[in-house]
Amino acid sequence: QVQLVESGGGLVQPGGSLRLSCAASGSLFSINTMGWYRQAPGKQRELVAAITSGNTNYADSVKGRFTISRDNAKNTVYLQMNSLKPDDTAVYYCNVVGRVRNGISPSNYWGQGTQVTVSS
């Protein structure tokens, strides 16, 4: 019943910017963590950025270029990506760790993925 809808991917030139959005809807009662992962062809899925109520965490490769934020009222997480590089090319997946109503422990939820391509 929980759904994560991603948007904002596309094709950009090196040095360009994109803003990804992920809106969570459904039966989530509380959210512990929201974040973004990415997976390039032939590579393992890796954490890009994550945000809790009080902390953020970034992969070393994106520090200073990407910014994660959230709008709690909208249950939405954003990833502002600046100074994009070809190595940023990947499918980006939204991830939410949260708990449904009356749930005992949190569960992982995933978006459908959105393609980001950085190329000349």
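Output the residue which, of all residues in region 5-30 that are modelled with pLDDT of 95 or more and either assigned to a loop (DSSP other than H, G, I, E, B) or closer than 18 Å to residue 106 by Cβ (or both), is least open to solvent (accessible area, probe 1.4 Å).
It comes out as 22.
Pairs please, first residue from region 95-117 and within 15 Å of residue 8 (Cα to Cα), second anywhere and surrounded by fewer than 14 Cβ atoms within 10 Å (Cβ to Cβ), Cβ atoms under 6 Å, 6+ apart in sequence or on different chains.
Correct list of pairs: 117/11.
What about residue 45, is it over 18 Å from residue 112 (Cβ atoms), surrounded by 12 or more Cβ atoms within 10 Å (Cβ to Cβ) and among the basic types (Lys, Arg)?
Numbers: over 18 Å from residue 112 (Cβ atoms): no; surrounded by 12 or more Cβ atoms within 10 Å (Cβ to Cβ): yes; among the basic types (Lys, Arg): yes.
Criteria not met by residue 45.
Look through region 59-68, keep the residues that are touching a residue at least 24 places away in the same chain (Cβ under 8 Å) and assigned to a loop (DSSP other than H, G, I, E, B), and return whichever of them is most open to solvent (accessible area, probe 1.4 Å). I'd like the intermediate steps shown before the answer.
If we filter region 59-68 for residues that are touching a residue at least 24 places away in the same chain (Cβ under 8 Å), which is where we start, we get 61-62, 68.
Going one step further and asking which of them are assigned to a loop (DSSP other than H, G, I, E, B), we end up with 61-62.
Details: 61: 60, 62: 0 Å².
Here the answer is 61.
Being more than 23 Å from residue 84 (Cβ to Cβ) and either exposed (fewer than 15 other Cβ atoms within 10 Å of the Cβ) or touching a Lys or Arg at 6+ places or on another chain (Cβ under 9 Å) (or both) is true for just one of 52, 56, 33. Which residue is that?
Working: 56 fails: more than 23 Å from residue 84 (Cβ to Cβ); 33 fails: either exposed (fewer than 15 other Cβ atoms within 10 Å of the Cβ) or touching a Lys or Arg at 6+ places or on another chain (Cβ under 9 Å) (or both).
The match here is 52.
Filter region 69-91 down to residues that are surrounded by 13 or more Cβ atoms within 10 Å (Cβ to Cβ), out of contact with any Cys (no Cβ under 9 Å at 6 or more places or on another chain) and assigned to a strand (DSSP E or B), then give me how many there are.
Number of matching residues: 6.
Of the residues in region 92-120, how many are of a type in the set (Val, Ile, Thr) and in a loop (DSSP other than H, G, I, E, B)?
Residues flagged as of a type in the set (Val, Ile, Thr) and in a loop (DSSP other than H, G, I, E, B) within region 92-120 amount to 1.
Which one of 42, 103 is on the phi > 0 side of the Ramachandran plot and out of contact with any Leu (no Cβ under 7 Å at 6 or more places or on another chain)?
When all the criteria are applied, what remains is 42.
The values are calculated or read from the model by the stated rules, or taken from the named source; none is laboratory data. Bear in mind the structure is a predicted one, so any value in this text is a computation, not a measurement. So basically every Cβ, Gly included, is an ideal-geometry build from the backbone, and we count neighbours across all protein chains shown. These accessible areas exclude ligands, DNA and RNA; they are computed on the full protein's heavy atoms, side chains included. Shrake-Rupley method; radii C 1.70, N 1.55, O 1.52, S 1.80 Å.
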